[in-house]
Each structure stands twice: as structure tokens, then as C-alpha cells.
Amino acid sequence: MAGRVDGKAILVTGGGSGMGRGICLAMAREGALVGVLDLREEAAQGVVDEITSQGGDAVALQADVSKRAEVVKAFDAFVGHAGRLDVLFNNAGYNVPMHFMDVTDENWRAVMDVNGLGTLICMQEGARRMIPHRSGKIVNTSSIAGRQAFPSFAPYSASKFVVNALTQAGARALAEHDITVNAFAPGVVDTPLWEKLDEDLVAIGDAERPGQAFEEFASGILRGRAATPDDIVGTALYLASADSDYLTGQVIMIDGGMVLV
């Protein structure tokens, strides 16, 4: 029985861990040839090894998504291997929390470079490789922070509002090429990213112990628990498959009911 994305060439940025890893594994299980792109080449290769050990097809790619030359090189390598690019997941993200009044120029630029500029660069370079085929799907990773901002995540929240705006702008700009652009917005997801955030929030005095911030953020979830990457992949598969062909310009919340819009 064919998978939901059987034969598709799918590239996932930030694919070396957390949600990105979960998306890569799910796409491979459903028949896709997966490009696992990460800043850390060894992390990307580890996910590729997982996929190939299960009989899937994948290739490891390395790039800093905020550097166009690196993105171009990695995307060209993937298309050279796969022959085309059908679906792009812009999942790479970065956050270092700071209290609102302590945010530095450097912190702002570092977060916005990856989450804002990096998303734009990857959308543009992905679209350039889809336009000749007059088809494609671009899926961006937003956040609940793109719907309501948090005082210790001001640059991150701003960057995810940017992702939502780029999703709408891209959908309008690329519709004439039969390319859809959508996003999904997770809430609290149990990944290594949150482990690091917990440590950072203790360091700035927002929590007294590791794990406290995670528990407090997750306490308002209507579904009664934080998400795991497996809770995200069903929507990711929908957005990558033909089932979502008529959907574009949308941000789908996958937060267990944290933010109701």
C-alpha cells in the first residue's frame, strides 16, 4: 500500500532533532525521499541513519539557514540527489530567552536571523526549485508565540509573527505557480529545545528549578499534557500530502488548546 507522500522529495530544515526529526521519520515511513538538513551535520546524519535502517531513503544536508549561500548549496545538493523538490518544511528555529527590558541588539538579531530571515531565504530558494515544475508545498513552523507574545520571549515571539506574515505573503505570491504555503503552530512540545529553554529560564530567574517553566507553561493545555513530536506529525503529513491541496495561507494551531483563535 502506497504511503501518503509516496515518491515525494521532501526537505526538512532543523531535521536533526525534536520536531524536525519526528517529521523526517514520518515522511520517510510514508514513502518520501527525505532531505534532513541541520546546522549540525552529525545530527542530520544520525536521523538519516535511523531512516535508512528502517528501509527508508534519506540524505543528510548541512546549512545555516540564515546564510543564503549555504542554503543554495544544500538545496542544490538535495535536488541533484532527488531530481526535484516537492515539499519544504521550514522548521529550523532558535531562541534564547531574556526579560523584555534586557533584550540586546545581538539577541534580537540572532533570533530574527534564524527564525525570520532564515524562513524567508528558505521559502525563496525552495520556491525557485518548485516554480519550473508548477507545483510544490511550503510548510513553515510557527508557534503559539506567533499568536500571543511572551515577556521573556519577545524576539522569538516577534519572529513567529514574522513567520505567519511570510506564510500569508508567500501564499499570495506563489499561488500563480500552483505552490501552496501554510504553517503549523505548536505549543509546548517535549523536545530537547524545551530542555534548553528550561535551563535558560532558570538562569534569568523565571524559574527556580529545571522543569518548572515547562510544567507551568503546560498547565493551561486543555488536552491535559504537553505535546510530543508524534502529536505534530499527523498535521505535518496532512500539509505535505494531496489532502491539503486546496489549503493555502493558513496557520494551523497544534497546541492542545492553549491559545483559542
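Bear in mind these aren't lab numbers, they're just calculated from the coordinates by the rules spelled out. Note that this is a predicted model, so its numbers are computed, not measured. Cβ atoms come from the backbone with ideal geometry, glycine included; neighbour counts cover every protein chain shown.
If a paramagnetic tag sat 7 Å from the Cα of Leu260 along the Cα-Cβ line, which residues of the range 147-182 would have the backbone N under 20 Å from that point?
147-149
Would you kindly state how much longer the chain becomes between His177 and Glu41 on full extension, computed as 0.36 nm times their sequence separation minus their alpha carbon distance, in nm to one decimal?
The His177-Glu41 span can extend by a further 45.7 nm.
Mind sorting Leu260, Leu37 by how few other Cβ atoms lie within 10 Å of their own Cβ, fewest first?
Fewest-to-most ranking of Leu260, Leu37: Leu260, Leu37.
In nm, give the distance between the simple-model label positions of Arg225 and Glu106, each being 7 Å from the Cα along the Cα-to-Cβ direction.
So the label points at Arg225 and Glu106 sit 4.1 nm apart.
If a paramagnetic tag sat 7 Å from the Cα of Glu50 along the Cα-Cβ line, which residues of the range 221-246 would have the backbone N under 11 Å from that point?
229-230
What spacing in nm lies between the two simple spin-label points modelled at His99 and Glu199, each 7 Å away from Cα in the Cβ direction?
2.3
Taking the dipole about the Cα centre of the chain, with the C-beta of Lys and Arg at +1 and of Asp and Glu at -1, give me whichever of Thr180, Ala149, Leu37 is farthest to the positive side.
Towards the positive end, the residue furthest out is Thr180.
Among (1) 50, 36, 35; (2) 69, 45, 41; (3) 62, 52, 27, only one was calculated for this model; which label is it, if the read-out is Cα extents along the principal axes in Å?
(1)
Work out the charge dipole of the range 1-122 with +1 on the Cβ of Lys and Arg and -1 on the Cβ of Asp and Glu about the Cα centre, then indicate which of Gly7, Leu120, Ala28 is farthest towards its positive end.
Gly7
Once you charge only the Cβ atoms, +1 for Lys and Arg and -1 for Asp and Glu, what is the size of the charge dipole of the range 1-156 about its Cα centre, to the nearest 20 debye?
Dipole size: approximately 620 debye.
To make sure I understand, if each residue's beta carbon is the centre and we count other beta carbons within 10 Å, what order do Tyr94, Tyr156 fall in, fewest to most?
Tyr94, Tyr156
Taking neighbour counts of Cβ atoms within 10 Å as a proxy for exposure, in what order, fewest first, do Cys122, Cys24 appear?
The fewest-first ordering by Cβ neighbours comes to Cys122, Cys24.
Can you list the equivalent-ellipsoid semi-axes of the range 188-255, largest first and in whole Å, using the square root of 5 times each Cα gyration tensor eigenvalue?
Details: eigenvalues 189, 28, 21 Å².
Taking √(5λ) for each Cα gyration eigenvalue gives 31, 12, 10 Å.
When the dipole is taken about the Cα centre of the chain, and only Lys, Arg (+1) and Asp, Glu (-1) are charged at their Cβ, what size is it in debye, to the nearest 20?
Working: 21 positive and 33 negative charges, 181 e Å.
That gives a dipole near 860 debye.
At 222 nm, what value in deg cm²/dmol follows for the chain if DSSP H runs of at least 4 each add -39500 (n - 2.57) and the sum is divided by all its residues, to the nearest 500?
Calculated at 222 nm, the ellipticity per residue is -13500 deg cm²/dmol.
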